[in-house]
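**Student:** Before I ask anything, let me first share the structure, which is written out below as structure tokens.
The values are calculated or read from the model by the stated rules, or taken from the named source; none is laboratory data. Predicted model only: the values in this text are computed from it and were never measured. Positions of Cβ are generated from backbone atoms using ideal geometry, with glycine treated the same way; all protein chains shown enter the neighbour counts. The accessibility values were calculated without ligands, DNA or RNA, using every heavy atom of the protein model including side chains. Shrake-Rupley method; radii C 1.70, N 1.55, O 1.52, S 1.80 Å.
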Amino acid sequence: MTQRRAFGEGLPAHATRTRRGRLRPRLLDLFSCAGGAAMGYARAGFLVDGCDIADRPNYPFPYHQGDALERLAALIASGEIERYAFVHASPPCQDKCALTVGTNQSQGWGGTHEDLVAPTRDLLDRTGLPYVIEQPNGRAEIRKDLMLCGEMFGLGVIRHRNFEVSGWTSSRPVHVPHRGRVRGWRHGQYFDGPYVAAYGNGGGKPSIPELQEAMGITWTDVREELTEAIPPAYTEWIGRAFLAASALEVVAA
């Protein structure tokens with residue numbers, strides 16, 4: 001494992017200071033990819049540390065390159081986990097994602113993708129911290145305590161995402177009706193619509209600038225990172241809901 005950008009030196013989770021001497025809570029972002037979730041939490045008022053097994057030079061905050069579960073276990077064992085107030089985890093679960101499960105079955109695939117949801121939850125429970133586990137629509141075995149959609153935030157993607165919430169409670173926002181179809185080719189026919197398809201490459205998929213605008217992500221132009229990302233608007237909403245529920249003091253730096 002290597003440490004490309006060190007985690008910020010911190011006081012305990014509720015005593016991390018900004019330049020103004022005020023307090024901001026620190027958040028651990030596991031399986032962080034390029035930082036879509038992280039940016040939303042930062043906008044909500046958190047200091048964010050990420051962890052991803054891949055090299056993510058576009059990640060906009062301090063992060064550790066390495067296995068997310070090994071990193072979490074090490075933080076628990078050392079007691080460093082106490083610096084954090086909240087954990088977000090987006091473990092891979094391609095075997096049960098709605099976008100891949102049908103293809104897996106039709107092609108005789110499946111069984112080769114790792115489902116890390118259960119081991120992630122086990123470690124998160126050991127931290128004693130409030131957390132969320134994020135997954136796309138599909139068969140991943142999480143509680144769907146929250147479901148967020150791009151239309152709730154006026155985005156150019158639908159991109160349903162489910163969140164299991166633990167250690168705190170949140171209201172469930174109303175699912176806003178969609179305004180039309182996702183733009184692109186389906187079975188040889190082209191459909192127009194107000195949303196772009198934020199996955200894959202073919203079938204009339206959007207350009208990189210279109211994806212960036214639709215997702216609200218500007219700091220990466222890597223298609224794979226954009227198509228895997230959570231729109232920051234989702235986690236900004238979650239972050240603000242958590243901070244309101246826990247009455248943590250947050251002041252922008």
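**Student:** In square nanometres and to one decimal, what's the mean projected area of the convex hull around the Cα atoms of the stretch 111-204?
**Tutor:** If you wrap the Cα atoms of the stretch 111-204 in a convex hull and average its projections, you get 8.1 nm².
**Student:** Please sort 32-38, 63-69 by packing, taking for each peptide the average over its residues of neighbouring beta carbons within 10 angstrom, highest first.
**Tutor:** With the highest mean Cβ count within 10 Å placed first, the list reads 32-38, 63-69.
**Student:** Work out how much length W185 to E210 would gain on full extension: take 0.36 nm times their residue separation and subtract the Cα-Cα distance, in nm to one decimal.
**Tutor:** Length difference between fully extended and current span is 7.4 nm.
**Student:** Still on this structure, please answer the following. How would F46, F61, F153 rank on accessible area, largest to smallest, probe 1.4 Å?
**Tutor:** So the residues, ranked largest to smallest area, are F153, F61, F46.
**Student:** Still on this structure, please answer the following. E80 to W168: FRET efficiency via 1/(1 + (r/R0)^6), r the Cβ-Cβ distance, R0 35 Å, to the nearest 0.05?
**Tutor:** Efficiency at R0 = 35 Å is approximately 0.95.
**Student:** Taking R0 as 25 Å, what's the FRET efficiency between R240 and N58 from their Cβ-Cβ distance, rounded to 0.05?
**Tutor:** E(calc), rounded to 0.05, equals 0.50.
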